Amino acid sequence: MATDSNCLFCKIVAGQIPNDTVYETDTVLAFRDITPRANVHALVIPKSHEDTLGQMAADDPAGVAELFTAAREVARLEGIEESGYRVVSNVGPDAGQEVFHVHVHVLGAQELGPVGPGRG
Ligand code: AMP
């Protein structure tokens, strides 16, 4: 498993920084975002370090599929699978990616409005 000692999310995976876990498998961890932007806002990350979703799609497509399966499981556990939810990933500067360890945001439990600048 790849790890980066300077990476915030690798430190969460290693248990060095606490997190509010929603769901976990051998390869994936889902936890509540520290600055929630919706009534439900969780992050789903691979435990193995990859910088961006774009890079992971090239390197490990099966791992990307696991992230989306886990996102659905988070939605089920949070009771929003039927009401609907949004899965988004910021890739690179224009998207405002802050943490360069792959993650998808799972947002829901309210109407989210259209996807677009300043949203999502
Ligand atoms: P992004 O802008 O897509 O890179 O998203 C990074 C997300 O990580 C932001 O929504 C932050 O609020 C969230 N975040 C940063 N530090 C933590 C932390 N220690 N625990 C949970 N979420 C965090």
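The values are calculated or read from the model by the stated rules, or taken from the named source; none is laboratory data. Quantities reported herein were computed from a predicted structural model and do not represent experimental measurements. When we count neighbours, we look across all protein chains shown, and the Cβ atoms used for this are built from the backbone with ideal geometry, even at glycine.
Residues satisfying the criterion are absent from region 64-75 (criterion: under 12 Å from the mean Cα position of the chain (by Cα) and more than 28 Å from Q110 (Cα to Cα)).
Among the criteria (1) touching a residue at least 40 places away in the same chain (Cβ under 8 Å); (2) within 16 Å of V88 (Cα to Cα); (3) within 9 Å of the ligand (Cβ to nearest atom), the one L8 does not fulfil is (2).
Conditions tested, residue by residue: (1) over 20 Å from D4 (Cα atoms); (2) within 14 Å of the ligand (Cβ to nearest atom); (3) at pLDDT 95 or above; (4) among the aliphatic types (A, V, I, L, M).
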{"position": "P18", "(1), (2), (3), (4)": "no, yes, yes, no"}
{"position": "K47", "(1), (2), (3), (4)": "no, no, yes, no"}
{"position": "G63", "(1), (2), (3), (4)": "no, no, yes, no"}
{"position": "R72", "(1), (2), (3), (4)": "yes, no, yes, no"}
{"position": "E82", "(1), (2), (3), (4)": "yes, no, yes, no"}
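Of everything listed in (1) of a type outside the set (V, I, T); (2) more than 22 Å from C10 (Cβ to Cβ); (3) in contact (Cβ under 8 Å) with a residue 40 or more places away in the chain, the single unmet condition for E81 is (3). Whenever a residue of region 91-110 is within 15 Å of Q55 (Cβ to Cβ), its partners that are aromatic (F, W, Y), lying with C-beta atoms within less than 8 angstrom and at least six residues away or across chains, give the pairs V99/F9; H101/F9; H103/F9; V104/F68. Taking each residue of region 17-30 that is free of Cβ contacts under 8 Å to residues at least 12 places away in the same chain and looking for partners that are of a type outside the set (A, V, I, L, M, F, W, C) and not in a loop (DSSP other than H, G, I, E, B) with beta-carbon atoms closer than 9 Å, six or more apart or interchain, yields I17/K11; T21/R32.
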